[in-house]
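Below: one structure, written as structure tokens.
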Amino acid sequence: MAINRQKKEELVAQYKELLAKSPALVFTNYQGTNVSQVRSLRAKLKDSNSTYVVVKNTLLGLALRESGRVAPESLLKGANAVVFCGEDIGKSVTALKAWIKEAKAIEITGALLENSVIDAKGAEQLSDLPTKDQTRAMLLGVLSAPARQLVQIINAPGSSLARVLNAHVEKQQEAA
């Protein structure tokens, strides 16, 4: 079914708006899915601030180019639906993979991480990325380690002296 020019311009604008908020796109082949499955996937992805959109390949390619991103011709073929990932890419792809495992309805065909085109296997591995909270925790651990070591070094002589004095007191009490 052909769409008019105004509708095409609206779609390109919608894609560009989604692209501005998405550091990564995960391309999927949605053939064989029904409307209720797509709705359930969208609901699952909403928790990770991601959006699942059935796209027109040529219009998405145009929106990508207009946004200054690479338009991966190899991924812009066939029945495409795209996950516009939120800030937390790992969480988004993990949610997508969990839904795919449960529903067995779609397949990941590739991804676009900023301007890097990734194959299907690489796209699935994006779920191994740490979540935003995990990254913060790792960073906090790295930043607090020197301070923790400094406190241990400063406390070491005092605690050693306390252990020696305590051992001496215990020895005196045993002798008495």
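The values are calculated or read from the model by the stated rules, or taken from the named source; none is laboratory data. Please read all numbers here as calculations on a predicted model, not as lab measurements. Methodologically, a virtual Cβ is constructed for each residue, glycine included, from the backbone with ideal geometry; neighbour enumeration extends over all protein chains shown.
Quick rundown of the values:
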read-out: Residue that is nearest to Ala43 (Cα to Cα), among those in the range 63-116 that are among the basic types (Lys, Arg) and touching a residue at least 40 places away in the same chain (Cβ under 8 Å); value: Lys91
read-out: Inter-residue pairs, beta-carbon under 8 Å, first in the same structural domain as Leu113 (by TED's automatic domain parsing) and surrounded by 15 or more Cβ atoms within 10 Å (Cβ to Cβ) and in the range 5-25, second assigned to a helix (DSSP H, G or I) and polar (S, T, N, Q), 6+ apart; value: Ala24/Ser92
read-out: Residue that is under 20 Å from Ala123 (Cβ atoms) and either touching a strand residue (DSSP E or B) at 6+ places or on another chain (Cβ under 9 Å) or at pLDDT 90 or above (or both), where the choices are Ala103, Ala98, Ala13, Ala24; value: Ala24
read-out: Counted residues, the range 80-96 - those being in a helix (DSSP H, G or I), buried (at least 24 other Cβ atoms within 10 Å of the Cβ) and over 8 Å from the mean Cα position of the chain (by Cα); value: 1
read-out: Qualifying residues in the range 56-79 (those that are of a type in the set (Lys, Arg) and assigned to a loop (DSSP other than H, G, I, E, B)) - the one modelled with the highest pLDDT; value: Lys56
